[in-house]
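Input: a single structure, listed below in structure tokens.
The values are calculated or read from the model by the stated rules, or taken from the named source; none is laboratory data. All values derive from a computational prediction rather than experimental measurement. Reconstructed Cβ throughout: ideal geometry from the backbone, glycine too, with neighbour counts over all protein chains shown. What goes into the accessible areas is simple: the full protein's heavy atoms, side chains included, and nothing from ligands, DNA or RNA. Shrake-Rupley method; radii C 1.70, N 1.55, O 1.52, S 1.80 Å.
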Amino acid sequence: MSGINDFVIKFATVNGSGSASANTMFAKTLFRMGIPVSAKNIFPSNIQGLPTWYEVRVSEAGYLARRDGIDFMVAMNPQTYQEDLQEVVPGGWLLYDETMPRIWNRSDVTILGLPIAEICASNWKDVRQRQLFKNMVYVGALSALLEMDLKVIEASVLDQLKGKEKLVSANKKAVDLGRQYALANFPCPLPIKVRHAEGAKGKIMVTGNEAAGLAAVYAGATVCAWYPITPSTSVAEGFEKHAKKMRVTKDGRHLYGIVQAEDELAAIGVAIGGAWNGARSFTATSGPGISLMSEFLGLAYFAEIPIVLFNIQRGGPSTGMPTRTGQPDILSCAYASHGDTKHVLLFPSNPTECFSMGTDAFDLAERLQTPVMVMSDLDIGMNDWVTEPFAWDDKKVHDRGKVLSAAELEAFKDVKGEAWGRYKDVDGDAIPYRTLPGTHPTMGAFFTRGTSHDESARYTEDGRIHARVIDRIRRKFDTAATIVPKPEITTRDKAGKVGVIYFGANRPAVLEALDYLERDGLKLNAMRLKAFPFGQEVRDFCAAHDTLFVVEQNRDAQMRQLLVMEAEVPPETLIATLNYDGTPLTADFVRKAVLKKLRPAKAQAAE
Amino acid sequence: MSYISKPIAHHPALPKNALGLTHREYEGSMSTLCAGCGHDSITAAIIEACFEMDLPAHRIAKISGIGCSSKTPTYFLGRSHGFNSVHGRMPSVTTGANMANRDLVYIGISGDGDTASIGLGQFCHAVRRKLNMTYIVMNNGCYGLTKGQFSATNDKSSPSKKGEANPFEAIDLCQMAIQLGAGFVARSFSGDKRQLIPLIKAAISYKGFAFLDVISPCVTFNNHAQATKSFEYVRAHNQAIGRLDYVEPKEEITVDYASGESKAVTMHDGSHLILHKLDKGHDPRDSNAAIQTIRENAAKGEVATGLLYINEAQQDLHDVLATDDRPLNVLPMSELCPGSKALEGINARLR
Ligand SMILES: Cc1ncc(C[n+]2csc(CCOP(=O)(O)OP(=O)(O)O)c2C)c(N)n1
Ligand code: SF4
Ligand SMILES: [Mg+2]
């Protein structure tokens, strides 16, 4: 049984019932008490009436991955009562609305019956209100059971109801009714409870998609095109929300343009047109959109146009699991489009990095003149994470890459010793100089095309020239490997030959697992990949180890394949460690996978 | 076939426009299309229109999809940036380009395959968005570049060169454009320069979505006598509705058009369109009448050409988006990036 500031509580509700805001308020209150929390929304691809869960892990130690084993269940959904009960650990608690009495067939779980509907019926006449305030009544009961700080709850209520102040007193009343009932009828507080802590102090609570939208604002993006798809929609919405506040002139003119396109083909086409014309441009999508965008990604790759694409991954293939998380697009993004193509990928591990890598993505795209994809996922994108605050250095200069002004065009030959050509490698880094439409009356015009072209962008069917140009573009990826974010390497055993490779949302689960494994007597080194193409550090780490667990959320061990293909890591050293059921990774999963391989006896004991 | 540049040999007698430029400076590289292809005539008309309008070529962006027609931007305006994108997607690329820089002139070139089949969705939505551009379809009723398959604009009555019948109804892009809210819709014929050049000028002057469907015979695959997009057929059935004069901003309107027969329409850039013979039935400011004119002529096997529809008061996408007067691509980072202080405020709100 877990204890103070260390437990998992799960809310089982029906979507569309208004529970989401009450649940968020609950998590936010704990966060504001300084307690590290993680909140995971498990929701259906549906608008109303289907089961939804909200899991909150409370961890003073700062372990914020999902954890199996529910200590406290708030069972508000009659459709799932029985399954929800089964999830509770022995010795745990279950709170339900006893207005409709139920039979609970477990004696090892304490059942707390709260007459929620009855309380609401006797206090409010309006049917909708009765429904909505039910959620606040259980929050009130929890406040007593878990000894939450009432003042902080009230502040959270105020915050949540900004602009709807009329509702504040009624909400407070609902909380109080639940609280008073619990104090009078339940053994408050329970052994699992909360207290003020320091771990979350100074942090922020935010979703990765809002962070990515904000990144685009800070990166100076002005053209955004998108097509609605879960779980990426809130990236464009985040951009719009922040741009509306910070990118509108005094006379109401927008310093940005957003187009909700007719489909993903158009969305990326708009981004490419904008980037070609010198505006920082981006789109956001998820798996099915990546498939549709593939042809255009090849064009942007071959014609060397810098766009940014936020891919908020979800479970595939096909429509797959639209509301469940995963990392199943690694290969389809690394090699998106036909022909020899390769793309720069960034792997943020939390919302803070969606912001920092999101802004880096625009610099990298323009520096390298190629699409850059930010590979987030539903877990990072749509869940609230307690994470480091966003940071911005005002001295930072956005890297707009090699774009020639009229004067630079005129002086090009004198400065560089040869005439300008759109696809000439003048500097030896395989990155050519580009010009924007409208720059100069007589110089710098060229024809951008997806057909084969020579160094001056002229159409060619000469195979030798074609090979020369695509070789130069491949060399550009050698340059890319030196400037993309370097991996995060943690060394627990300098001489150790065993390690873990991971990336993205798996970070908290892996770090937690590494702690447990150390207690199991296994000190493992670890490398978090932050980008593709892989730099020298990645190769060195792989070369220094002979057993590497590659933890990822897809069936086909796609990152492992990429390491074999692109970093030439011997396949026998890489052990696929795969979770692809759509739920965020747990530390337990990683620990067991490692033990199974290295300490089979211990693994059996852990089952 | 590779790129063949054209030598720029200046003949002192070549006429110059107000910018001191000759036709040659508005040309591109040598055409590689079939000799006699209608598309080449449209290319020549675009060159002529831009030359006569004294447009600085580097302030024009030419964007196309894929097809013989979409290759033509290489053959005109060599001083302009061009973008030969992917099949059927010119409208989205142009949308992004236009969003980034509202100050350039956008000429989009497409084919009937490019627009009426693979790109039909993008075409419709570019119209709906009221993109400020000139959208030219070089319409030959077939897929030239893939060797002559029927396209969706080929008339049902028009058989292939080998005599196979066309089983499907044709899409009339002008009718669609009008229904979807295009502000400027015209149809013309590659073989009628006198009609085509003023229409191109008017379309470029028009602020908003200007659509030009230009019948442009494919001499290799769809120019047999029974083909309704052949030179012979169109010459015999061309029904020019009204006549249009384009008057440059700098010129004065000299003709007397007050008689009721003619009407002057002032364009956004100060130029004028003089519409003649209005009383002969077709008023291009009436969208219902425009559609009726197209359909009545089509029912008789005739092709109504000329300015079919114009809405002088249309807004464009930038009006809808309320974007700044300055192009988005020149805004300095100091105005785009809110800085660390604002970020501190955002962090505070997330605590
Ligand atoms: C995605 C894709 N599908 C098919 C093609 C092959 N293709 C090239 S041009 C063309 C048709 C062009 O027809 P149209 O737009 O009418 O141009 P035209 O050659 O007649 O001027 C097709 C199908 C392609 N380039 N891309
Ligand atoms: S195939 Fe037809 S459309 Fe293509 S260049 Fe030849 S004549 Fe023109
Ligand atoms: Mg065609």
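Data for the structure
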{"item": "P(r) histogram, all alpha-carbon pairs of the range B:69-190 included - 10 Å bins from 0, percent", "result": "13, 43, 33, 10, 2"}
{"item": "Percent RCO, i.e. relative contact order, over chain B, from Cα pairs under 8 Å lying at least 6 residues apart", "result": "15"}
{"item": "Compactness index (Cα Rg / 2.2 N^0.38 Å), chain A", "result": "1.06"}
{"item": "Accessible area of B:His11 in the full protein assembly, 1.4 Å probe (Å², nearest 10)", "result": "110"}
{"item": "Highest-MSF residue in chain B out of B:Pro217, B:Pro167, B:Pro338 [GNM, Cα springs under 10 Å]", "result": "B:Pro338"}
{"item": "Where only C-alpha atoms are counted, convex hull volume of the range A:204-250 per residue in Å³", "result": "78"}
{"item": "Nearest-20 debye value, the range A:6-185 charge dipole, Cβ charges on Lys, Arg, Asp, Glu", "result": "660"}
{"item": "Sequence ranges A:479-490, A:167-178, ranked by mean other-Cβ count within 10 angstrom, highest first", "result": "A:167-178, A:479-490"}
{"item": "Zero-based 10 Å bins, Cα pair distances in the range A:348-419, whole percents", "result": "17, 32, 26, 13, 10, 2"}
{"item": "17 Å reach of a label modelled at B:Asp286, 7 Å along Cα-to-Cβ, counting backbone N of the range B:174-197", "result": "B:179"}
{"item": "Listed residue (A:Gly69, B:Pro73, B:Asn154) projecting farthest to the positive dipole end of the protein assembly as shown, Cβ model", "result": "A:Gly69"}
{"item": "Accessible surface of chain B [probe 1.4 Å, protein heavy atoms]: carbon and sulfur percent", "result": "52"}
{"item": "Packing rank of A:5-16, A:214-225, where each peptide gets the mean count of other beta carbons within 10 Å, highest leading", "result": "A:214-225, A:5-16"}
{"item": "Fully extended contour minus Cα-Cα distance, from A:Lys250 to A:Arg468, at 0.36 nm per residue", "result": "73.4 nm"}
{"item": "Helix A:351-368 vs. chain A, principal-axis angle (Cα, 0 to 90°, nearest 10)", "result": "10"}
{"item": "Percentage of interatomic Cα-Cα distances in the range A:304-399 larger than 21 Å", "result": "38"}
{"item": "Formal net charge of residues neighbouring B:Ser151 (Cβ-Cβ distance under 15 Å; K, R +1; D, E -1)", "result": "-3"}
{"item": "Largest-first ellipsoid semi-axes for the range A:207-387, taking √(5λ) over the Cα gyration tensor eigenvalues, angstrom", "result": "22, 20, 14"}
{"item": "Contact surface A-B: accessible area buried, both sides summed, square angstrom, 1.4 angstrom probe", "result": "5400"}
{"item": "Descending semi-axes in Å of the range A:488-606, equivalent ellipsoid built from Cα gyration tensor", "result": "21, 17, 13"}
{"item": "Within 10 Å of each Cβ in A:252-263, the average number of Cβ atoms from other chains", "result": "6"}
{"item": "Calculated log₁₀ intensity ratio I(q)/I(0) where the Debye formula runs over C-alpha points of chain B, q = 0.09, 0.10 Å⁻¹", "result": "-0.50, -0.61"}
{"item": "Modelled FRET efficiency - R0 60 Å, B:Lys300 with A:Asp556, Cβ distances, 0.05 increments", "result": "0.45"}
{"item": "10 Å Cβ neighbours from other chains, averaged over peptide B:59-66", "result": "3"}
{"item": "Of all accessible heavy-atom area on the range A:207-387, the percent that carbon and sulfur account for (1.4 Å)", "result": "52"}
{"item": "Heavy-atom accessible area order for A:Asp478, A:Asp71, largest first, 1.4 Å probe", "result": "A:Asp478, A:Asp71"}
{"item": "Chain A, relative contact order in percent, only Cα pairs under 8 angstrom and at least six apart counted", "result": "12"}
{"item": "Sites A:Asn185 and A:Asn46, calculated FRET efficiency, Cβ-Cβ separation with R0 45 Å, nearest 0.05", "result": "0.80"}
{"item": "Cα-centred dipole magnitude for the range A:108-150, charges only on beta-carbon of K, R (+1) and D, E (-1), debye, nearest 20", "result": "340"}
{"item": "Candidate residues B:Arg243, A:Arg434, A:Arg253: accessible-area rank, largest first, probe 1.4 Å", "result": "B:Arg243, A:Arg253, A:Arg434"}
{"item": "Rg(Cα)/(2.2 N^0.38 Å) for the range A:406-478, N = residue count", "result": "1.13"}
{"item": "Other-chain or far-sequence residues with amide H under 5 Å of B:Lys6's (modelled H)", "result": "B:Met30"}
{"item": "Top of B:Ala182, B:Ala313, B:Ala44 by mean-square fluctuation, Gaussian network on chain B, Cα under 10 Å", "result": "B:Ala313"}
{"item": "Cβ-placed point charges (K, R +1; D, E -1), dipole of the protein assembly as shown about Cα centre in debye, nearest 20", "result": "820"}
{"item": "Interface residues, the range A:439-455 - accessible area loss of 50 Å² or more versus chain alone, probe 1.4 Å", "result": "A:Pro441, A:Ala445, A:Phe447"}
{"item": "Heavy-atom accessible area per residue - the protein assembly as shown, 1.4 Å, Å²", "result": "38"}
{"item": "Inverse of mean 1/r across different Cα pairs in the range A:422-517, Kirkwood, Å", "result": "17.6"}
{"item": "Extension gain from B:Thr146 to B:Asp54, taking 0.36 nm per residue of separation minus the Cα-Cα distance", "result": "29.5 nm"}
{"item": "Ordering of A:451-458, A:402-409 by packing [mean C-beta count within 10 Å, highest first]", "result": "A:451-458, A:402-409"}
{"item": "More than 27 angstrom apart: percent of Cα pairs within the range A:6-185", "result": "21"}
{"item": "Pair A:Leu150, A:Gln82: separation of 7 Å Cα→Cβ label points (nm)", "result": "4.1"}
